[in-house]
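What follows is a short report on a single structure.
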Amino acid sequence: MANVRDRWIRALVPAAIALPLQSFPGAALCSSTTQHSTVRVMTFNVLHDGAWALAPSWGARRRVVAEAIRSARPDVACLQEVSPRQLDDLSLNLVEYRVFPGTLSGGTTLTGWARPGAFFGRLFLGDFFDHGEYCPIFVRRGFGAPTDSGAFLLARDSPTPHVVNWVRIRLPSEAFVDVFSTHLGLVRGRTNGTQDDLLRLLDDHWSGTQILAGDLNALPSGPLLKSLVGVGAPRARAFQDVWTGARLGARGGTLHWGLGLPGPRLDYVLVRPPCTIEGVRISGTRVGRILPSDHYAVVADLRIADPDGR
């Protein structure tokens, strides 16, 4: 009888413990089905080490940036303004992530009357001016299965080229997620040719859920964001801005000038088709006296639909 009783206790106790958990917010995220569909995405402009800025040098910021990423525990971290040196350093510091670097965006090209400005460009941007940046994607080891990756350059209707790096990940639920990391410019290309080229290339790659993350250098009310989130565009191509769609949203801006001052929101996580957004928050704040970058990071928890639509 004791053996029979013990078997009943072992069978019933786990069920009794599990039942109360269902009444707590977020408990469903712990089930095997929904856990496999939850993706934590970070976007973070880490500030190119060749660019003049008010933030400390890369030597002082390196470990702070790595810890800002690690402490946020993203499944996928999309970075911008990464130099070759910074890419090597972060790859060494964040060994728990697989790195998909993509390609360098390429240097700035000045023509005609603007050519004399190259001297000042190199003075303030360093090798960013001649070589551009990486927009690498760091994927946590053990998170899904990256199946493909690549990079493409956007149309050159501005002096500064822009690269879009991407990786396709198969989740344990068998859902596929394509993640894109990019950094767009302040010049006119962001509102005409570059914008159209970005949407066309994203549409061409659309085979499941898409997450577009990066420093878009655009205001939420600007033409680029309006185009991406479907204001005046067909619903089928519209992205969801997770910042405004979250139940637990973030506040403020993301550019802080390297001083922690208030600034505009220039960094975004966008997703299509729309999904459940568990929360959005700001990360990459001051550690002691050091700010990791001149931007805050954005971290979003997204629940991606399983292939059967759950």
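The values are calculated or read from the model by the stated rules, or taken from the named source; none is laboratory data. A quick note: this is a predicted structure, and the numbers were derived from the prediction, not measured. Cβ coordinates were reconstructed from backbone atoms using ideal geometry, including for glycine residues, and neighbour counts include every protein chain displayed.
I'm checking my understanding of the structure. Among residues of the stretch 75-92 that are among the polar types (S, T, N, Q) and outside any helix (DSSP H, G or I), which one is farthest from Ser37 (Cα to Cα)?
Among those residues, the one meeting the criterion is Ser83.
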Quiz item: Which ones in the stretch 259-274 are crowded, with 19+ Cβ neighbours inside 10 Å and assigned to a loop (DSSP other than H, G, I, E, B)?
Solution: Arg265, Leu266
Self-check item: Index of the failed condition, Val95 passing every other in (1) more than 20 Å from Tyr268 (Cα to Cα); (2) surrounded by 14 or more Cβ atoms within 10 Å (Cβ to Cβ); (3) free of Cβ contacts under 8 Å to residues at least 60 places away in the same chain
Solution: (2)
Exercise. Scan the stretch 141-151 for residues that are in a strand (DSSP E or B) and either basic (Lys, Arg) or within 20 Å of Phe44 (Cα to Cα) (or both) and report the count.
Key: 3
Quiz prompt | Filter pass, Gly252 being of a type in the set (Gly, Ala, Ser) and in contact with an Asp or Glu (Cβ under 9 Å, 6 or more places away or on another chain) | solution = no
Exercise. State which residue is farthest from the chain's Cα centre (by Cα) when the search covers only the stretch 285-310 and only residues that are closer than 23 Å to Leu228 by Cβ and not in a loop (DSSP other than H, G, I, E, B).
Key: Arg303
Self-check item: For Ala236: the one exception among (1) buried (at least 19 other Cβ atoms within 10 Å of the Cβ); (2) closer than 21 Å to Arg200 by Cα; (3) modelled with pLDDT under 95
Solution: (1)
Quiz item: Restricting attention to the stretch 238-284, and to residues there that are more than 20 Å from Val65 (Cβ to Cβ) and basic (Lys, Arg), which single residue is farthest from the chain's Cα centre (by Cα)?
Solution: Arg247
Quiz item: Under the condition of being on the phi > 0 side of the Ramachandran plot and at pLDDT 90 or above, which residue from the stretch 213-233 is surrounded by the most Cβ atoms within 10 Å (Cβ to Cβ)?
Solution: Gly214
Quiz item: For residues in the stretch 125-140 being within 18 Å of Thr43 (Cα to Cα) and in a loop (DSSP other than H, G, I, E, B), which is farthest from the chain's Cα centre (by Cα)?
Solution: Glu133
